[in-house]
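First comes the structure, then the notes that go with it.
The values are calculated or read from the model by the stated rules, or taken from the named source; none is laboratory data. Computed from a prediction, not measured in an experiment: that's the story for all the values here. Neighbour counts are summed over all protein chains in view; Cβ atoms, including those assigned to glycine, are modelled from backbone coordinates with ideal geometry. Calculation scope for accessible area: heavy atoms of the full protein, side chains included, ligands and nucleic acids excluded. Shrake-Rupley method; radii C 1.70, N 1.55, O 1.52, S 1.80 Å.
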Amino acid sequence: MTRDTSTTLPPLRVAALTCALVAGCGLAPVALALAPRPGEPVAVLTLFPDAPIPKAVAASGASILWLSTGGHVAVLDASGGDAAADLRRAGAFIVLAAGPLGACLPGYRSTPILTGPSPS
């Protein structure tokens, strides 16, 4: 007695395709929200304090606005230009916009970015 497995394979493919589509559509807005913009503070993340990221932060010349206790996360002032591109060129892998992450970092308060004329 042989079992026909041809009918069980397509539902697995459909499930895998559905999961890939949901993940792709869900990650695109997150990636856009966390993409750093020139002139705004950036957050640099590392898992290893002796990795090239702390060296990249030091080489970038940007001032550190906030540093985590273990030194794994740093928020840098990027008002001088495109610090995210400079950090990536120096070896930093994960560089994110610090604005959306500000609520997750204890003790870090980002400055509000105003868009438009101030009310007078």
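Details
- For the residues LEU21, LEU65, LEU12, the requirement of being within 19 Å of the chain's Cα centre (by Cα) and either modelled with pLDDT of 80 or more or within 20 Å of TYR108 (Cβ to Cβ) (or both) singles out LEU65.
- Residues that are open to solvent by 30 Å² or more (accessible area, probe 1.4 Å), in contact with a Gly (Cβ under 8 Å, 6 or more places away or on another chain), modelled with pLDDT under 80 and closer than 15 Å to ILE94 by Cβ occur in the stretch 31-53; there is at least one.
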